[in-house]
Amino acid sequence: MKIISIRHPYDSTQIPNDDVVMVLGFFDGVHQGHKRVIQAGKKIAEEKGLKLAVMTFNQHPSIVFQKIEPQAMKYLTSLKQKEERMAELDVDILYVIDFTSDFAKLPPQEFVDQYIVGLHGKVAVSGFDYTYGPRDIADVAHLPEYAQDRFDIVTVQKEELDGEKISSTRIREMMESGKMEEVTELLGYVYETEGTVVHGDARGRELGFPTANIRVKSTVRLPRIGVYAVQIKIGETWYAGMGSIGHNDTFGEGRELTVEVYILDFKKDIYGEQVVVRWNHYLRDQVKFDGAAKLIEQLKQDEADTAAYFD
């Protein structure tokens, strides 16, 4: 897969000469609904002998339109993760557009001229709710008038599960409820976060449960606070573990939120490692215990529950 980063206005020499089926969307999470749109584009590309291109953005449009601080935006997938998912879906070209104020000011006609026709789009494929400017003048219903018969338009209707639309919003709601099995079903894969193993306060080691303290970027959307059965990828190997997202309130109020993983049957030093954590199953809420002894008792139960889950 070729990844092409574009900052508006772009240099036409950046653009491959191949005619493409252009799939449009932001695709946070690259969930089952997104996959249906991309797979529809793939099928058309194969039938017409064209390359499959996907257009996404380097950051959420809300950062520009609503003036949200970039570090405050929480994503289901980092750009790197999104690129990996697109490669898995056999995308030929991934256009990553810098969503700048200049780009955001493009009138709908200029967006179509420059970013569909200009990128050699012969078919534009999107979900039913895709917009490329103000919704009242730049939704899929208005696209034919801007297309001017220069490319075909395919609109993919919503994908549902249990009678409700599959969406990034629904996935975030399920994560906040700890319903990780439902999250997995909506995504089509187990939810993952990336991070770096850093030094903590060694509290877990003192309790007999040494944990990997994982620093994640502020833009990573974490599941709800609690304890989970997880998998952690170190190098190319996945290990079972119990993960914790919380403030360790047993040892004092107002502590920083931490992400920690106790890896079952694992003794290696992994400080500095880049790791991936899969959040498989929610075990319980975070609890403030009356002293270390009660906490240790619960951690032993968590370990048993984690082992039973993976068994």
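Can you tell me which residue in region 159-194 is surrounded by the most Cβ atoms within 10 Å (Cβ to Cβ), limited to those that are among the small types (Gly, Ala, Ser) and within 17 Å of Gly226 (Cβ to Cβ)?
Only one residue fits best here, namely Gly178.
Give Leu295, Leu299 a once-over and let me know the one that is in contact with a strand residue (DSSP E or B) (Cβ under 9 Å, 6 or more places away or on another chain) and modelled with pLDDT under 95.
The conditions single out Leu299.
Can you name every residue in region 253-270 that is loosely packed, with under 12 Cβ neighbours inside 10 Å and within 28 Å of the chain's Cα centre (by Cα)?
Glu256, Leu257
Going through region 59-81 one residue at a time, which ones are part of a loop (DSSP other than H, G, I, E, B) and under 15 Å from the mean Cα position of the chain (by Cα)?
Residues satisfying the conditions are Gln59, His60, Met73, Lys74, Leu76, Thr77, Ser78.
Only residues that are under 16 Å from Lys217 (Cβ atoms) and among the polar types (S, T, N, Q): list them for region 31-80, please.
Within region 31-80, Asn58, Gln59, Gln71, Thr77, Ser78 qualify.
Just name the residue that is farthest from Ser101 (Cα to Cα) out of those in region 34-58 that are more than 16 Å from the chain's Cα centre (by Cα) and in a loop (DSSP other than H, G, I, E, B).
Among residues in region 34-58 that are more than 16 Å from the chain's Cα centre (by Cα) and in a loop (DSSP other than H, G, I, E, B), the one farthest from Ser101 (Cα to Cα) is Gly49.
Residues that are in contact with a Gly (Cβ under 9 Å, 6 or more places away or on another chain), outside the structural domain of Ala240 (by TED's automatic domain parsing), not in a strand (DSSP E or B) and not hydroxyl-bearing (Ser, Thr, Tyr): does region 204-214 have at least one?
First, the residues of region 204-214 that are in contact with a Gly (Cβ under 9 Å, 6 or more places away or on another chain): 210-214.
Filter once more, keeping what is outside the structural domain of Ala240 (by TED's automatic domain parsing): none.
For region 204-214, residues in contact with a Gly (Cβ under 9 Å, 6 or more places away or on another chain), outside the structural domain of Ala240 (by TED's automatic domain parsing), not in a strand (DSSP E or B) and not hydroxyl-bearing (Ser, Thr, Tyr): absent.
Does region 175-190 contain any residue that is of a type in the set (S, T, N, Q), touching a strand residue (DSSP E or B) at 6+ places or on another chain (Cβ under 9 Å) and farther than 17 Å from Lys74 by Cα?
Yes, because at least one residue in region 175-190 is of a type in the set (S, T, N, Q), touching a strand residue (DSSP E or B) at 6+ places or on another chain (Cβ under 9 Å) and farther than 17 Å from Lys74 by Cα.
Report, by residue number, each residue of region 32-67 that is farther than 17 Å from Leu94 by Cα and touching a helix residue (DSSP H, G or I) at 6+ places or on another chain (Cβ under 9 Å).
Listed by number, the residues that qualify are Gln32, Gly33, Pro61, Ile63, Val64, Phe65.
Give the residue that is surrounded by the most Cβ atoms within 10 Å (Cβ to Cβ), with candidates limited to residues of region 272-296 that are closer than 25 Å to Glu194 by Cα and among the basic types (Lys, Arg).
Filtering region 272-296 for residues that are closer than 25 Å to Glu194 by Cα and among the basic types (Lys, Arg), the one surrounded by the most Cβ atoms within 10 Å (Cβ to Cβ) comes out as Arg278.
Exactly one of (1) in a loop (DSSP other than H, G, I, E, B); (2) in contact with a Ser or Thr (Cβ under 6 Å, 6 or more places away or on another chain); (3) under 24 Å from Ile153 (Cα atoms); (4) not hydroxyl-bearing (Ser, Thr, Tyr) is unmet by Val96. Its number?
(1)
Looking for whichever is of a type in the set (D, E, K, R), within 24 Å of Asp18 (Cα to Cα) and assigned to a loop (DSSP other than H, G, I, E, B) here; the options are Arg85, Arg150, Arg135. Which one fits?
Arg150
Out of region 11-33, which residues are assigned to a loop (DSSP other than H, G, I, E, B) and under 22 Å from Lys82 (Cα atoms)?
Across region 11-33, the qualifying residues are Ile15, Pro16, Gly25, Phe26, Phe27, Asp28, Gly29, Val30, His31.
Of the numbered conditions (1) over 16 Å from the mean Cα position of the chain (by Cα); (2) closer than 18 Å to Ser167 by Cα; (3) surrounded by fewer than 18 Cβ atoms within 10 Å (Cβ to Cβ), Val23 satisfies every one except a single condition; which is it?
Among (1) over 16 Å from the mean Cα position of the chain (by Cα); (2) closer than 18 Å to Ser167 by Cα; (3) surrounded by fewer than 18 Cβ atoms within 10 Å (Cβ to Cβ), the lone unmet condition for Val23 is (3).
The values are calculated or read from the model by the stated rules, or taken from the named source; none is laboratory data. Please read all numbers here as calculations on a predicted model, not as lab measurements. Neighbour counts are summed over all protein chains in view; Cβ atoms, including those assigned to glycine, are modelled from backbone coordinates with ideal geometry.
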